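Working notes, beginning with the structure itself.
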Amino acid sequence: MSVAATGGPERRRPGYRRLAAAALCAAVAVVLAACAMPGAESTGPESAAPVGGADRGGADRDAGRLTGQGPSSALDQLPGDLLDQPRECADGVPATASYAPRDASEDLVPEGSTMARIRERGTLRVGVSADTLRMSARDPFTGHVEGFDIDVARAIAKALLGDPSRLTLRVITSSQRERVLLDHEVDVVVRTYTITCERWDHVAFSAEYYHAGQKLLVPLSSGVRGVEDLAGQRVCAPEDTTSLALLRTWPDVEAVPAATHTQCLAMFQRGMVDALTGDDTVLAGFAAQDPYAKVVGDAVSDEPYGVGIPADQVDMVRFVNAVLEQRAAGGAWRASYDRWLSDALGEVSGPPEPVYGRTP
């Protein structure tokens, strides 16, 4: 869907400083969007312990972690299909339930496994964003892609290959996440990828490594405080995302899809849309880019992020879950959150508790 620049009135901006800030932010958005093309890159070294620490519960994981569905206060008003997705699938297993890690006593990289093939290749191929500030974005000064999601990818590479820099990063859009996994063009996708029952039909997920929620980005001068104030307004969200699916259910709101979050931001800054919606992690980065924008509203969805993995590679899912458990137990998750997200999103109690119980 294309939207003309004359598709609506410009938002009033307070003087020259607003114009200058908007121009600068739009320029940054264009640069980042230009970077968000399929390609490869290696990142620098990272300090992380290899996988193989103490087992956290053994067989008790499968039977004992099918509870804890996350916050639901704002979800009670959502349509049933979207309400059900983050909770429980048709087979009675929660969407966030993954495959339990292998016991520490077992060989974590057995001969003939997916991990052994990756180790032989010598690099981990990862689908990422290059324009999601704080989660996965290209630093304009160093050229490296960095953020909370990239820290997860580096930890997997460190555990499997002994070096967090042995990554081949494939920059993809949200709508490409499933395809690159189905076609085995990457080994994993770490790109603010919300775990849903529908997606489990095509790909596999790790346990949840971050819990986000959908909110709104509006002009600083806007009186919008939540979804209930959006009647008659144009709101942007990226294509093939849970954010856009939910946006399309809001009454009297014009949903405007775009290829990427950055394109939504550029349209917002040009006055082509009145607001944009997405996960709070993404919007926090946008607010940092534009001092005349703000994040508002209570979270209207549960967005549990998981590492996307090809559905036929359950052994890789188990390996990744072992990495995630070790990051949580060893403090790496907390250190990454404090570095990238705490100043924008505040304090959290800790990483999500992993949920297991899924069987191949």
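The values are calculated or read from the model by the stated rules, or taken from the named source; none is laboratory data. Everything numeric here is computed off the predicted structure, so don't read it as measured data. We place every Cβ from the backbone using ideal geometry, glycine too, and count neighbours over all the protein chains shown. Surface accessibility is based on the protein's heavy atoms, side chains included, excluding ligands, DNA and RNA. Shrake-Rupley method; radii C 1.70, N 1.55, O 1.52, S 1.80 Å.
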**Request:** Report the FRET efficiency, 1/(1 + (r/R0)^6), for R225 and A344, where r is their Cβ-Cβ distance and R0 is 25 Å, rounded to 0.05.
**Result:** 0.85
**Message:** Whole angstrom only: what separates the Cα centroid of the stretch 254-274 from the Cα centroid of the stretch 116-156?
**Reply:** 25 Å
**Request:** Would you mind checking the radius of gyration and Dmax of the stretch 101-217 based on alpha-carbon positions, in Å?
**Result:** 14.9, 49
**Request:** Could you do me a favour and compute the accessible area per residue for the stretch 100-204, 1.4 Å probe, result in Å²?
**Result:** 36 Å²
**Prompt:** Looking at the stretch 224-360, what % of the alpha carbon pairs are farther apart than 26 Å?
**Reply:** 38 percent
**Request:** Run a plain Debye calculation on the stretch 173-281 (Cα atoms as equal point scatterers, no solvent) and give log10 I(q)/I(0) at q = 0.09, 0.14 Å⁻¹, rounded to two decimals, same order as the q list.
**Result:** -0.26, -0.60
**Complete:** Per the C-alpha gyration tensor (a ≥ b ≥ c, the square roots of its eigenvalues), the stretch 269-331 is rounded if a/c is under 1.5, else prolate if a/b beats b/c, else oblate; here it's prolate
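Would you mind giving the three semi-axes, in whole Å and largest first, of the ellipsoid equivalent to the stretch 97-150 according to its Cα gyration tensor?
On the way: eigenvalues 190, 47, 15 Å².
Square roots of five times the eigenvalues give 31, 15, 9 Å.
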